[in-house]
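Data block below; observations after.
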């Protein structure tokens, strides 16, 4: 561990056994999305495909056969996404090996990590959440057995609460007599080394910036406000003290409005980020160091700091704090308004089916090894022969033959042969062959983000490239 991401969740009533059991069986979709992003960006890979309990007292990880006695800070529940959840008396510490500076400066990782933490807060019924890193007293105090309030009270002086997430990252002039320099190498482009600031550099070397970054304090994550904004209109009307006419309710299966209004996609050429349209032409020429996807006609770009641009490429005087989507935004899934996954344990182990939430009848028997929620009339299900897709009657619409399968979105679903990923349509035809290491959902414009190792690109529904994968 070393300056990694940490979230401390407040649970006044203590950890709930049913909520923990649910996390053992499967992670929320936002947590799985975070896991997919880590794979897509080739950041890190975690070997476990299911949640496991880990004995943290051992230098070599030792997996436990069952849940230990809680609360304890000597054992953790490790999720497939890499989160280690430690259950204290009135708090849960969520540790992730995502580097703290990566979280603070990479908006794509930041957005996915916050979405994952928000989902964990909701799953565990947390009432408050503090975001910081494992170098701060919050982390050490919790592992020493302190309660949530005691952990926050340990953050004194410069380590106290900050108002904004951006305030956790600070750049300042180095006070050390040693600076950093780039030394050319035969087998690499450059190597960063420590070098005295008052000593001349050897030929071919270059001085790097004299500034260093620092981070102190913690940020109180307003996840409850985000959750309240997602409540349906009826619930919000009941909770709100403000009167007025109730807005007309949306049909139960209507998807939320898509967050992308401009079909412009950030890509990099020669190290600079620009935006291409659906024809693959640059609508905004590459001149930024980094950029996010457009959200409601706005995107965040890095030039001399993070700034907001419009679809025309012009800068606008607006905050970019809400533009956390990263360079790609997956479209939302449309869950079935009635059918939901359910499992039962039997002689052959746990099996999954689908329950009608209105009648409470088991309309699709529990005969599958695993399932995903219905999306666009089909649900991914795993049989003895692999993953396939069933319709609302429980019949195989696409025969099970895949090692993995994701949800249908915009008419296509990502499937894997065990090594590489491709896409099928609703008829089960492999419209994009198996050739990618990781993939995203298709957007309604008929474009998906894919990767080949550390190279990423954009693919069309016919398998052709809108932007060929490149570093």
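Could you tell me the convex hull volume per residue, in Å³, taken over the Cα atoms of region 351-471?
Normalising the Cα hull of region 351-471 by residue number yields 97 Å³.
Say R0 is 41 Å: what FRET efficiency, to the nearest 0.05, do residue 318 and residue 430 get from their beta-carbon distance?
The calculated FRET efficiency here is 0.40.
Where does each of 132, 50 land when they are ranked from fewest to most other beta-carbon atoms within 10 angstrom? Mind dumping the intermediate values first?
Working: 132 26, 50 11.
Ranking 132, 50 by Cβ neighbours within 10 Å, fewest first, gives 50, 132.
Sorted from fewest to most neighbouring beta carbons within 10 Å, what does the list 143, 107 look like?
Listing 143, 107 from fewest to most nearby Cβ atoms yields 143, 107.
Rg and Dmax in Å for region 355-412, alpha carbons only: what are they?
11.2, 33
Would you list 219, 387, 352 from fewest to most Cβ contacts within 10 Å?
219, 352, 387
Let me know the shape class of region 1-143, please: from the alpha-carbon gyration tensor, a ≥ b ≥ c as square roots of the eigenvalues, rounded when a/c is under 1.5, otherwise prolate if a/b is greater than b/c, or oblate.
Since a/c stays below 1.5, the shape of region 1-143 is classed as rounded.
FYI, it's all coordinate maths here, none of it is from the lab. All values derive from a computational prediction rather than experimental measurement. Note: ideal-geometry Cβ built from the backbone for every residue, glycine included; neighbour counts use all protein chains shown.
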